[in-house]
Each structure stands twice: as structure tokens, then as C-alpha cells.
Amino acid sequence: MTDKIYSGEEIEELRSLAADHLFMHAMQTNDWIKGGLQMFVSGNGCWVNDVEGQKYLDMMGGLWYKSAGYGQQKIADAAYKQISDLSSPPAYSTTPSTVKLSAEIASLYQDKKCRTFFTSGGSESVETAVKMAKKYQQLNGKPKAFKIISRRFSYHGSTAMAVSLGRASYSDPMGPEVAGVVYVPHYDSYRPPIPGNPSPDQISEWLVKELETTIIHNDPDTVAAFIAEPVSTSSGIHLAPESYWQGIREITKKYGVLMIADEVITGYGRLGEWFGTMVWDVKPDITTTAKALTSGYIPLGAVIASEKVANAFIGGKKETFSHLLTFGGHPVATAAALANLEVMKEQQMVKNSKDMGTYLIDRLEDLREFKHVGDVRGGKGLLAVVELVKNKKSKEKFDDEIDLYSLMPKFLRDKGLLSYRAGDMISICPPLMINKDEVDFIVEGIKASIEDLESHLNSN
């Protein structure tokens with residue numbers, strides 16, 4: 001397919017229409033009107049082209065989701081065939097593509113007898129998982145279990161309940177939040193939650209005990225579930241050791257608390273395994289997924305219920321999970337997802353994620369020599385971060401006046417790199433088919449952007 005060439009007049013018309021009518025997600029309208037809204041028209045692999053003909057490497061994989069990369073015709077063809085055959089089925093029915101996808105997910109998941117409840121995206125998946133966990137507990141002798149424990153400053157979605165779960169610092173307040181959410185600290189090896197210079201296992205031991213204390217303090221009979229991402233992106237991409245996750249799993253089982261793994265970002269190969277919990281050999285009770293399930297070709301989410309959880313909803317009217325989403329598991333999306341997973345297998349993207357993730361972190365380690373690089377984290381698949389600090393010794397963060405969240409994306413864009421998550425933390429989450437040359441391109445671009453930052457700081 002030949003890329004459409006937009007004239008200067010057409011581009012200006014589009015920008016004028018956007019300025020008058022478009023309400024962008026999580027962006028200040030004044031900023032993008034003044035700076036010029038980026039519009040993209042095509043992509044291939046890790047690369048995208050904008051309306052002005054500029055080419056960039058998308059080092060964030062869209063919004064953490066473009067795992068199979070851009071331009072996968074097989075996925076587009078599968079979606080087209082489904083929408084041509086049957087765009088959507090009658091109510092309370094399904095399609096072969098949806099059935100096949102549930103079986104395909106089970107073949108990749110730890111529990112081969114799991115069942116999948118399809119949604120339209122990540123926030124819906126989290127809402128569904130929490131509702132499922134609460135009803136499961138009601139059906140299994142814990143009628144007072146309405147509390148959900150999450151890690152403070154985590155991010156689990158943008159809907160009101162999902163926002164309540166983590167209270168990520170950048171989430172807008174929603175007024176009175178959902179009752180029953182209880183917070184415990186995050187794993188953080190760079191700024192540990194306990195004094196001294198603790199080892200990763202010592203941090204893990206303290207955090208696991210903190211979770212147990214929190215469960216006991218809140219009365220185990222009132223706690224339905226614990227939810228966490230295998231690697232939390234919002235809190236800085238800290239990779240906990242196996243002792244942390246094994247300890248969390250042991251404590252949740254001990255007190256009859258369901259473990260929900262939020263794998264909206266880490267699912268489907270991001271950490272070098274099909275699911276992030278596989279890295280630490282942990283089997284959750286419920287797993288939420290979205291994003292990479294279709295690699296963003298069409299919106300789709302999924303809640304994977306273990307056999308134990310799914311079987312609790314088999315019975316009569318009382319046991320029915322009365323949860324309905326009009327477009328959850330849309331057949332065009334499930335057809336795209338099937339093709340997406342097939343493409344990922346054919347091109348061995350999960351293995352490549354592991355291999356290139358190792359290469360990426362090795363290259364990023366060289367950046368520690370910079371004055372303002374406080375930490376580099378990653379090493380499990382293609383998910384990494386470079387954290388910038390004002391003072392390396394004290395780990396003090398930059399003042400807000402520096403406005404790193406405006407400076408760093410611009411510096412990176414000038415080097416041919418796209419990242420919406422670049423400020424004091426430069427996140428890296430590229431498509432999983434990335435090669436060594438492209439990894440080198442990312443690292444060299446980040447290096448040059450940090451040099452630009454240091455020159456900027458020295459001149460001001």
C-alpha cells in the first residue's frame with residue numbers, strides 16, 4: 001500500500017479541525033495546539049510515518065501495546081474477513097473466532113483449564129476481575145469480602161473503580177472513591193521502603209510481611225483479593241526478585257485472598273514469557289490482559305479465570321456471573337487477536353523479546369556514566385527504564401520547573417524516537433520483533449538526548 005502524501009494545505013486543514021473539535025486523551029489542549037499535533041498515517045515493524053513524511057522508531061510500542069509491530073497484513077486480513085462474514089452475532093451468542101481464542105489463550109496460560117471472559121480493554125478487564133473476585137468470595141463462604149488490596153501509586157485503569165485501586169499520582173481525582181481499597185507499598189530497589197542498604201530479598205521479606213499484617217489488620221474475612229502488575233510501569237518499572245512474588249502468592253493462599261495479576265501491559269510476551277507471572281513461576285487466580293492481545297490492531301481485553309475461580313460460577317442462577325459488556329469479545333477483535341498470536345508465534349517474538357531484552361539492558365548500563373542517570377532497570381524482556389535525577393548521590397528528583405516531560409520527548413523526537421513516557425523516567429517498550437540495530441538506535445538516541453539535557457541544564 002502506497003502512503004498518502006499530504007499537502008501542506010491538507011495538514012493545516014486537519015490541524016484546524018483538531019484545534020476546533022478534538023478532545024485528546026490525557027493532553028492539555030493548549031499544549032498540542034501550540035506545539036502542533038502529531039498525526040501518523042502508516043507504519044511497518046517498529047517504525048511509523050507522520051503526515052509530514054517524517055519517519056520515527058516507536059520505542060513505546062504505541063501505548064505499551066504494539067507487540068507484533070506495525071503493518072502486519074495477516075492481522076488486518078483476519079479482521080476484514082470476520083467483519084465481512086459477520087460483524088457481530090446476536091445477543092447471548094458467540095462466534096468461532098471467540099471460541100478459538102479462548103482455547104488459544106488457555107494453551108499459552110499456566111492453567112490449561114482456565115476460562116476467559118472477554119472485555120473491550122484494560123480498564124474493563126480490571127473492573128471485571130475485581131467484580132469476579134468479590135462474587136467468588138461470596139459464593140465460597142466469605143460474604144463480607146469486599147476489600148481489595150493494591151500497591152500504592154500503581155495504575156490499573158482510568159475508570160472510577162480502577163483509579164481507586166492504585167491512585168497513581170497523575171490520575172485525576174474522582175471524588176469519593178470506591179470503598180474498601182487498601183494500599184500496601186510497592187517493591188522499589190532504588191529507593192527502598194526500609195532504611196539502610198537492604199538486598200532485594202530483604203526488601204521482599206519486609207513487603208511480604210507488610211501484606212500479611214495488612215490482611216490481618218483488615219480481617220481476612222473482609223479481603224477479597226490482592227491486585228498487582230508483575231512489573232508496575234507507573235511506579236518506575238521495578239523488577240522484584242522471585243522471593244517477592246513467591247511470598248505474595250503464599251500469603252494470599254494462606255488467608256484465602258485471590259491473587260489478581262494485572263497483565264494488561266506485561267501479557268503476551270513483553271517480559272520474554274507469554275505471561276509475566278511465568279518469569280517468577282507464580283500461578284495467579286485471575287489475570288487481566290488487553291493491549292498486546294491484538295497488538296492494538298483492534299481494542300480487546302480478557303479476564304483469565306483459573307479453573308478454581310471459573311468453576312465457582314457453574315451452577316444455577318445464584319452462581320451466574322451477571323456481568324455484561326455489549327462489545328466485550330467482539331468477533332472482529334477476537335479474529336484479529338487469533339491472527340496476532342499466530343504472527344507472534346511464527347516470528348518467534350516471545351523468544352526475541354527475551355534475547356533483545358538482555359541486549360537492551362546491557363547497552364543501557366553504559367548510560368550510568370552520565371551525571372544525571374540515577375538508575376537503569378530492566379533485563380526481563382523488552383521493558384526497561386532509565387531514571388534521571390537531579391543529584392545522583394542523594395537520588396533527588398528534578399524540580400518541576402525543569403519540565404522534563406516537555407524537554408525529553410522533544411530531544412528524543414529530534415533523534416527519530418517516539419516516547420510519550422519520557423521525563424525523569426525514560427520508558428522503553430518497543431515492538432517485540434525489534435532487532436539489534438534498532439536497539440542500538442534507541443540507546444544511541446537516548447544517549448544523545450541526555451547529552452542535550454545536560455547541555456540545556458548547563459546553559460540555564
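The values are calculated or read from the model by the stated rules, or taken from the named source; none is laboratory data. Remember, predicted model here, so these are calculated numbers, not experimental data. Cβ atoms come from the backbone with ideal geometry, glycine included; neighbour counts cover every protein chain shown.
Before moving on, here are some points about what is shown:
- Filter result for LEU341 (part of a loop (DSSP other than H, G, I, E, B) and either at pLDDT 95 or above or more than 21 Å from the chain's Cα centre (by Cα) (or both)): no
Okay, residues lined up against (1) in contact with a Cys (Cβ under 7 Å, 6 or more places away or on another chain); (2) surrounded by 13 or more Cβ atoms within 10 Å (Cβ to Cβ); (3) of a type outside the set (S, T, N, Q):
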position	(1), (2), (3)
LYS395	no, yes, yes
ASP399	no, no, yes
PRO409	no, yes, yes
LYS415	no, yes, yes
PRO430	yes, yes, yes
ILE450	no, yes, yes
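- Enumerated helices (runs of 4 or more DSSP H) restricted to region 55-123, each holding at least 2 residues that are within 21 Å of the chain's Cα centre (by Cα): 61-64, 96-108
- Count of residues meeting criterion [touching a Phe, Trp or Tyr at 6+ places or on another chain (Cβ under 8 Å) and charged (D, E, K, R)] in region 322-358: 0
- Selected residue (only one of PHE411, PHE441 is touching a residue at least 24 places away in the same chain (Cβ under 8 Å), touching a strand residue (DSSP E or B) at 6+ places or on another chain (Cβ under 7 Å) and in the same structural domain as VAL48 (by TED's automatic domain parsing)): PHE441
- Residue identified as under 21 Å from GLU319 (Cβ atoms), crowded, with 24+ Cβ neighbours inside 10 Å, in contact with an Asp or Glu (Cβ under 7 Å, 6 or more places away or on another chain) and in contact (Cβ under 8 Å) with a residue 24 or more places away in the chain among ALA129, ALA145: ALA145
- Identity of the residue in region 42-93, touching a strand residue (DSSP E or B) at 6+ places or on another chain (Cβ under 7 Å) and of a type in the set (S, T, N, Q), that ends up surrounded by the fewest Cβ atoms within 10 Å (Cβ to Cβ): ASN44
- Among the numbered conditions (1) part of a helix (DSSP H, G or I); (2) at pLDDT below 95, the only one that GLN38 does not meet is (1).
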